[in-house]
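The values are calculated or read from the model by the stated rules, or taken from the named source; none is laboratory data. Being a predicted model, the structure only gives us computed values, none of them experimental. Positions of Cβ are backbone-derived with ideal geometry, glycine not excepted, and every protein chain shown enters the neighbour counts.
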Amino acid sequence: MTFSSSFTLAEDVDNYCVIGDPISHSKSPQIHQLFAEQSGQILHYQAIAVTADEFDEALLQLHRQGIKGLNVTLPHKSRACSWVKAPTGLAERAGAVNTIWFGENEQTYGDNTDGKGLVKDLLANAITLSERNVLILGAGGAVCGIIEALFDAGVARITITNRTLTRAEEIQNRFSTIGEIQVYSYDSVPANLADIVINATSASLQQQVPPLADQLIAGRDCYDLAYADSDTAFITWAKVNGARTAIDGLGMLVRQAAESFFIWRGIRPEVEPVIAELR
Ligand code: ATR
(Lines give C-alpha, C1' and ligand atoms only; values in the text may rest on other atoms or scores of the structure.)
Protein backbone atom coordinates (compact mmCIF):
# COMPACT_ATOMS: atom_id res chain seq x y z
CA MET A 1 0.00 0.00 0.00
CA THR A 2 1.40 3.40 -0.91
CA PHE A 3 1.06 6.19 1.60
CA SER A 4 -1.35 8.14 -0.62
CA SER A 5 -3.89 5.31 -0.42
CA SER A 6 -4.04 5.53 3.36
CA PHE A 7 -5.91 8.84 3.52
CA THR A 8 -8.64 10.66 1.61
CA LEU A 9 -9.14 14.40 1.69
CA ALA A 10 -12.69 15.73 1.77
CA GLU A 11 -13.96 17.36 -1.41
CA ASP A 12 -14.89 21.02 -1.79
CA VAL A 13 -13.66 22.12 1.65
CA ASP A 14 -10.35 23.22 3.12
CA ASN A 15 -8.55 20.19 4.56
CA TYR A 16 -6.31 20.08 7.62
CA CYS A 17 -4.82 17.18 9.55
CA VAL A 18 -2.61 16.09 12.40
CA ILE A 19 0.11 13.55 11.67
CA GLY A 20 1.82 11.40 14.28
CA ASP A 21 2.52 7.88 15.42
CA PRO A 22 0.48 6.80 17.34
CA ILE A 23 -2.38 9.12 16.41
CA SER A 24 -5.68 7.26 16.89
CA HIS A 25 -6.34 8.83 20.32
CA SER A 26 -5.71 12.40 19.15
CA LYS A 27 -8.31 14.92 20.29
CA SER A 28 -7.22 17.44 17.65
CA PRO A 29 -9.91 16.54 15.06
CA GLN A 30 -12.64 17.10 17.66
CA ILE A 31 -11.04 20.34 18.88
CA HIS A 32 -10.69 21.84 15.39
CA GLN A 33 -14.17 20.73 14.37
CA LEU A 34 -15.55 22.51 17.47
CA PHE A 35 -13.51 25.63 16.63
CA ALA A 36 -14.87 25.51 13.06
CA GLU A 37 -18.51 25.09 14.12
CA GLN A 38 -18.21 27.85 16.67
CA SER A 39 -16.74 30.32 14.18
CA GLY A 40 -18.85 29.31 11.17
CA GLN A 41 -15.84 28.00 9.23
CA ILE A 42 -16.27 25.11 6.85
CA LEU A 43 -13.29 22.80 6.96
CA HIS A 44 -12.37 19.16 7.41
CA TYR A 45 -9.71 18.07 9.93
CA GLN A 46 -8.54 14.48 10.32
CA ALA A 47 -5.87 12.47 12.13
CA ILE A 48 -3.50 10.54 9.86
CA ALA A 49 -1.06 7.90 11.10
CA VAL A 50 2.40 8.60 9.66
CA THR A 51 5.45 6.59 10.74
CA ALA A 52 8.96 8.08 10.78
CA ASP A 53 9.75 6.21 7.55
CA GLU A 54 6.72 7.69 5.80
CA PHE A 55 7.27 11.30 6.84
CA ASP A 56 8.67 12.77 3.59
CA GLU A 57 6.28 10.82 1.36
CA ALA A 58 3.32 11.77 3.55
CA LEU A 59 4.14 15.49 3.44
CA LEU A 60 4.63 15.36 -0.33
CA GLN A 61 1.33 13.57 -0.92
CA LEU A 62 -0.67 15.73 1.45
CA HIS A 63 0.74 18.91 -0.09
CA ARG A 64 0.09 17.64 -3.64
CA GLN A 65 -3.49 16.78 -2.77
CA GLY A 66 -4.10 20.27 -1.47
CA ILE A 67 -3.92 20.08 2.32
CA LYS A 68 -4.08 23.64 3.70
CA GLY A 69 -2.29 23.02 6.96
CA LEU A 70 -0.98 20.34 9.29
CA ASN A 71 -0.37 19.81 12.95
CA VAL A 72 2.59 17.63 13.72
CA THR A 73 2.90 15.58 16.89
CA LEU A 74 5.19 12.85 18.25
CA PRO A 75 7.57 11.71 16.91
CA HIS A 76 7.80 14.20 14.04
CA LYS A 77 8.22 17.70 15.49
CA SER A 78 11.98 17.87 15.03
CA ARG A 79 11.79 16.38 11.53
CA ALA A 80 9.06 18.87 10.62
CA CYS A 81 11.34 21.71 11.69
CA SER A 82 13.98 20.60 9.16
CA TRP A 83 11.36 19.89 6.50
CA VAL A 84 9.76 23.34 6.33
CA LYS A 85 11.68 25.89 4.31
CA ALA A 86 10.67 28.80 6.53
CA PRO A 87 10.36 27.99 10.22
CA THR A 88 9.63 30.94 12.51
CA GLY A 89 12.60 32.03 14.63
CA LEU A 90 10.90 30.57 17.69
CA ALA A 91 10.38 27.18 16.04
CA GLU A 92 13.94 27.14 14.71
CA ARG A 93 15.39 27.90 18.14
CA ALA A 94 13.22 25.14 19.64
CA GLY A 95 14.15 22.77 16.79
CA ALA A 96 10.52 21.69 16.74
CA VAL A 97 7.50 22.53 14.57
CA ASN A 98 3.91 21.59 15.42
CA THR A 99 2.07 23.72 12.84
CA ILE A 100 2.72 23.77 9.08
CA TRP A 101 1.12 25.88 6.38
CA PHE A 102 1.86 26.69 2.76
CA GLY A 103 2.45 29.81 0.69
CA GLU A 104 2.96 30.81 -2.91
CA ASN A 105 5.80 29.35 -4.99
CA GLU A 106 5.97 26.11 -2.98
CA GLN A 107 6.83 27.96 0.21
CA THR A 108 6.39 25.93 3.42
CA TYR A 109 6.12 27.56 6.85
CA GLY A 110 6.36 26.11 10.34
CA ASP A 111 5.71 27.42 13.82
CA ASN A 112 5.57 25.98 17.32
CA THR A 113 2.47 26.91 19.31
CA ASP A 114 3.05 24.59 22.30
CA GLY A 115 4.74 27.20 24.48
CA LYS A 116 2.05 29.82 23.83
CA GLY A 117 -0.58 27.21 24.64
CA LEU A 118 1.10 26.38 27.95
CA VAL A 119 1.64 30.01 28.99
CA LYS A 120 -1.95 30.94 28.17
CA ASP A 121 -3.26 27.98 30.14
CA LEU A 122 -1.10 28.76 33.18
CA LEU A 123 -2.30 32.38 33.14
CA ALA A 124 -5.93 31.31 32.60
CA ASN A 125 -5.58 29.17 35.73
CA ALA A 126 -4.42 32.23 37.70
CA ILE A 127 -0.82 31.06 37.88
CA THR A 128 1.39 34.15 37.71
CA LEU A 129 4.56 33.76 35.64
CA SER A 130 6.24 37.12 35.96
CA GLU A 131 9.34 36.94 38.20
CA ARG A 132 8.58 33.39 39.29
CA ASN A 133 10.94 30.42 39.42
CA VAL A 134 10.05 27.43 37.27
CA LEU A 135 11.28 23.87 37.75
CA ILE A 136 10.86 21.64 34.70
CA LEU A 137 10.96 17.87 35.15
CA GLY A 138 12.26 16.13 32.03
CA ALA A 139 14.48 17.11 29.12
CA GLY A 140 12.84 15.55 26.09
CA GLY A 141 11.37 17.08 22.97
CA ALA A 142 8.40 18.56 24.85
CA VAL A 143 10.70 20.86 26.84
CA CYS A 144 12.23 22.56 23.79
CA GLY A 145 8.79 23.81 22.75
CA ILE A 146 8.04 25.60 26.02
CA ILE A 147 11.28 27.24 27.23
CA GLU A 148 11.23 30.42 25.13
CA ALA A 149 7.55 31.11 25.77
CA LEU A 150 8.17 30.85 29.53
CA PHE A 151 11.05 33.34 29.33
CA ASP A 152 8.91 35.63 27.13
CA ALA A 153 6.23 35.50 29.84
CA GLY A 154 8.75 36.95 32.27
CA VAL A 155 9.73 34.03 34.49
CA ALA A 156 12.74 34.85 36.66
CA ARG A 157 14.54 31.54 36.34
CA ILE A 158 14.16 28.13 34.75
CA THR A 159 15.69 25.01 36.27
CA ILE A 160 15.64 21.61 34.57
CA THR A 161 16.04 18.26 36.26
CA ASN A 162 16.20 14.98 34.36
CA ARG A 163 17.25 11.38 34.92
CA THR A 164 19.76 11.74 32.09
CA LEU A 165 21.60 14.91 32.99
CA THR A 166 23.32 15.34 29.61
CA ARG A 167 19.94 15.86 27.93
CA ALA A 168 19.17 18.69 30.37
CA GLU A 169 22.58 20.22 29.65
CA GLU A 170 21.91 20.07 25.90
CA ILE A 171 18.75 22.13 26.41
CA GLN A 172 20.64 24.52 28.69
CA ASN A 173 23.15 25.10 25.85
CA ARG A 174 20.51 25.29 23.12
CA PHE A 175 18.73 28.16 24.90
CA SER A 176 21.79 29.89 26.37
CA THR A 177 21.18 33.04 24.31
CA ILE A 178 17.50 33.16 25.35
CA GLY A 179 17.89 32.92 29.11
CA GLU A 180 19.81 31.31 31.92
CA ILE A 181 18.82 27.74 32.73
CA GLN A 182 20.08 25.81 35.75
CA VAL A 183 20.44 22.05 35.67
CA TYR A 184 20.28 19.59 38.60
CA SER A 185 19.93 15.87 39.03
CA TYR A 186 16.69 14.87 40.79
CA ASP A 187 18.44 14.15 44.08
CA SER A 188 20.26 17.48 44.19
CA VAL A 189 17.42 19.92 43.42
CA PRO A 190 17.66 22.53 46.22
CA ALA A 191 14.67 23.05 48.50
CA ASN A 192 12.70 26.29 47.97
CA LEU A 193 14.01 26.58 44.43
CA ALA A 194 10.73 26.63 42.55
CA ASP A 195 7.33 28.33 42.68
CA ILE A 196 6.00 26.39 39.69
CA VAL A 197 6.76 22.74 38.86
CA ILE A 198 6.05 21.56 35.30
CA ASN A 199 6.09 17.85 34.56
CA ALA A 200 7.36 17.51 30.98
CA THR A 201 8.41 13.87 31.34
CA SER A 202 6.49 11.10 29.67
CA ALA A 203 6.27 9.29 33.05
CA SER A 204 2.52 9.91 33.39
CA LEU A 205 1.96 7.83 30.25
CA GLN A 206 3.25 4.82 32.23
CA GLN A 207 1.39 5.90 35.41
CA GLN A 208 4.73 6.81 36.98
CA VAL A 209 5.95 9.89 38.81
CA PRO A 210 9.41 11.43 38.29
CA PRO A 211 11.73 10.84 41.29
CA LEU A 212 11.46 14.36 42.77
CA ALA A 213 11.42 14.64 46.58
CA ASP A 214 7.82 14.90 47.85
CA GLN A 215 8.51 17.99 49.95
CA LEU A 216 9.51 20.02 46.85
CA ILE A 217 5.87 19.97 45.74
CA ALA A 218 4.08 21.32 48.81
CA GLY A 219 2.63 24.79 48.25
CA ARG A 220 3.78 24.89 44.60
CA ASP A 221 1.77 25.41 41.43
CA CYS A 222 2.04 22.09 39.59
CA TYR A 223 1.30 21.48 35.92
CA ASP A 224 1.46 18.21 33.97
CA LEU A 225 1.89 18.58 30.20
CA ALA A 226 0.16 15.18 29.97
CA TYR A 227 -3.60 14.76 30.44
CA ALA A 228 -5.95 11.83 30.84
CA ASP A 229 -9.62 11.16 31.52
CA SER A 230 -8.84 10.90 35.23
CA ASP A 231 -5.98 12.49 37.22
CA THR A 232 -2.52 11.61 35.89
CA ALA A 233 -0.05 9.98 38.30
CA PHE A 234 1.72 13.34 38.66
CA ILE A 235 -1.50 15.24 39.43
CA THR A 236 -2.51 12.65 42.04
CA TRP A 237 0.98 12.83 43.61
CA ALA A 238 0.96 16.65 43.59
CA LYS A 239 -2.44 16.79 45.30
CA VAL A 240 -1.44 14.22 47.94
CA ASN A 241 1.71 16.19 48.72
CA GLY A 242 0.00 19.53 49.23
CA ALA A 243 0.51 21.30 45.90
CA ARG A 244 -1.17 24.74 45.76
CA THR A 245 -2.62 23.89 42.35
CA ALA A 246 -2.43 20.75 40.21
CA ILE A 247 -3.51 21.15 36.60
CA ASP A 248 -3.20 18.77 33.67
CA GLY A 249 -2.34 19.62 30.07
CA LEU A 250 -5.79 19.48 28.45
CA GLY A 251 -6.06 23.27 28.50
CA MET A 252 -2.63 23.57 26.89
CA LEU A 253 -3.70 21.13 24.17
CA VAL A 254 -6.78 23.20 23.31
CA ARG A 255 -4.91 26.51 23.50
CA GLN A 256 -2.02 25.36 21.26
CA ALA A 257 -4.68 24.16 18.80
CA ALA A 258 -6.34 27.59 18.95
CA GLU A 259 -3.00 29.19 18.04
CA SER A 260 -2.73 26.87 15.00
CA PHE A 261 -6.33 27.69 14.03
CA PHE A 262 -5.47 31.38 14.20
CA ILE A 263 -2.42 30.90 11.96
CA TRP A 264 -4.50 29.02 9.38
CA ARG A 265 -7.82 30.84 9.52
CA GLY A 266 -7.03 34.27 11.02
CA ILE A 267 -9.70 33.71 13.68
CA ARG A 268 -9.24 33.31 17.43
CA PRO A 269 -11.66 30.63 18.61
CA GLU A 270 -13.20 30.59 22.10
CA VAL A 271 -11.23 27.97 23.99
CA GLU A 272 -13.17 27.74 27.26
CA PRO A 273 -16.29 26.02 25.82
CA VAL A 274 -14.07 23.52 23.99
CA ILE A 275 -12.07 22.71 27.15
CA ALA A 276 -15.37 22.29 29.02
CA GLU A 277 -16.76 19.98 26.35
CA LEU A 278 -13.64 17.79 26.33
CA ARG A 279 -13.73 17.49 30.13
P1 ATR B 1 8.97 13.94 24.71
O2 ATR B 1 9.21 14.33 23.29
O3 ATR B 1 7.55 13.65 25.09
O4 ATR B 1 9.59 14.90 25.67
P5 ATR B 1 11.14 12.10 25.02
O6 ATR B 1 12.02 12.93 24.18
O7 ATR B 1 11.15 10.60 24.87
O8 ATR B 1 9.64 12.49 24.88
O9 ATR B 1 11.46 12.46 26.56
C10 ATR B 1 10.82 11.85 27.61
C11 ATR B 1 11.28 12.54 28.90
O12 ATR B 1 10.61 11.93 30.00
C13 ATR B 1 12.75 12.42 29.19
O14 ATR B 1 13.16 13.57 29.89
C15 ATR B 1 12.81 11.18 30.08
O16 ATR B 1 13.95 11.13 30.91
P17 ATR B 1 15.35 10.58 30.35
O18 ATR B 1 15.84 11.61 29.37
O19 ATR B 1 16.21 10.44 31.50
O20 ATR B 1 15.01 9.26 29.68
C21 ATR B 1 11.58 11.41 30.90
N22 ATR B 1 11.01 10.21 31.53
C23 ATR B 1 10.34 9.20 30.94
N24 ATR B 1 9.89 8.32 31.86
C25 ATR B 1 10.29 8.79 33.07
C26 ATR B 1 10.14 8.33 34.42
N27 ATR B 1 9.48 7.20 34.70
N28 ATR B 1 10.69 9.09 35.40
C29 ATR B 1 11.36 10.24 35.13
N30 ATR B 1 11.53 10.71 33.88
C31 ATR B 1 11.01 10.00 32.87
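Could you identify the single residue in 142, 200 that is within 13 Å of the ligand (Cβ to nearest atom), of a type in the set (A, V, I, L, M, F, W, C), outside the structural domain of residue 72 (by TED's automatic domain parsing) and modelled with pLDDT of 95 or more?
Details: 142 fails: modelled with pLDDT of 95 or more.
Testing whether each residue is within 13 Å of the ligand (Cβ to nearest atom), of a type in the set (A, V, I, L, M, F, W, C), outside the structural domain of residue 72 (by TED's automatic domain parsing) and modelled with pLDDT of 95 or more leaves just 200.
Name the residues in segment 26-38 that are part of a loop (DSSP other than H, G, I, E, B) and buried (at least 19 other Cβ atoms within 10 Å of the Cβ), would you? Show your work before the answer.
First pass over segment 26-38, keeping only residues part of a loop (DSSP other than H, G, I, E, B): 26-27.
If the condition is that a residue be part of a loop (DSSP other than H, G, I, E, B) and buried (at least 19 other Cβ atoms within 10 Å of the Cβ), then 26 is the only one that fits.
Looking across segment 180-197 at every residue that is of a type in the set (Gly, Ala, Ser) and surrounded by fewer than 20 Cβ atoms within 10 Å (Cβ to Cβ), the one that is farthest from the ligand (Cβ to nearest atom) is identified as 191.
For residue 192, the conditions (1) modelled with pLDDT of 95 or more; (2) closer than 25 Å to residue 128 by Cβ; (3) over 19 Å from the mean Cα position of the chain (by Cα) are fulfilled apart from (1). Among the residues of segment 90-125, those that are farther than 26 Å from residue 14 by Cβ, more than 12 Å from the chain's Cα centre (by Cα) and free of Cβ contacts under 8 Å to residues at least 40 places away in the same chain comprise 92, 123.
Residue 37 meets the conditions (1) farther than 16 Å from residue 66 by Cα; (2) touching a residue at least 40 places away in the same chain (Cβ under 8 Å) in every case but one. The failed one is (2). When segment 1-25 is filtered for residues that are farther than 18 Å from residue 71 by Cα and part of a loop (DSSP other than H, G, I, E, B), the ones remaining, listed by number, are 1, 2, 11, 12. Here the condition is being away from the ligand (no atom under 16 Å from the Cβ), farther than 29 Å from residue 274 by Cα and at pLDDT 95 or above; of 104, 37, 92, it holds for 92 alone.
In segment 162-174, the qualifying residues are those that are near the ligand (Cβ under 9 Å from one of its atoms) and within 19 Å of the chain's Cα centre (by Cα), and the one that is farthest from residue 216 (Cα to Cα) is 167. Does residue 234 satisfy being under 18 Å from the mean Cα position of the chain (by Cα), of a type in the set (Phe, Trp, Tyr) and either within 15 Å of the ligand (Cβ to nearest atom) or at pLDDT below 95 (or both)? Taking the combined requirement at face value, the residue satisfies it. Screening 251, 242 for residues that are within 18 Å of the chain's Cα centre (by Cα) and in contact (Cβ under 8 Å) with a residue 12 or more places away in the chain leaves exactly one candidate, 251. Scanning segment 98-108 turns up no residue that is out of contact with any Gly (no Cβ under 9 Å at 6 or more places or on another chain), within 26 Å of residue 19 (Cα to Cα) and buried (at least 24 other Cβ atoms within 10 Å of the Cβ).
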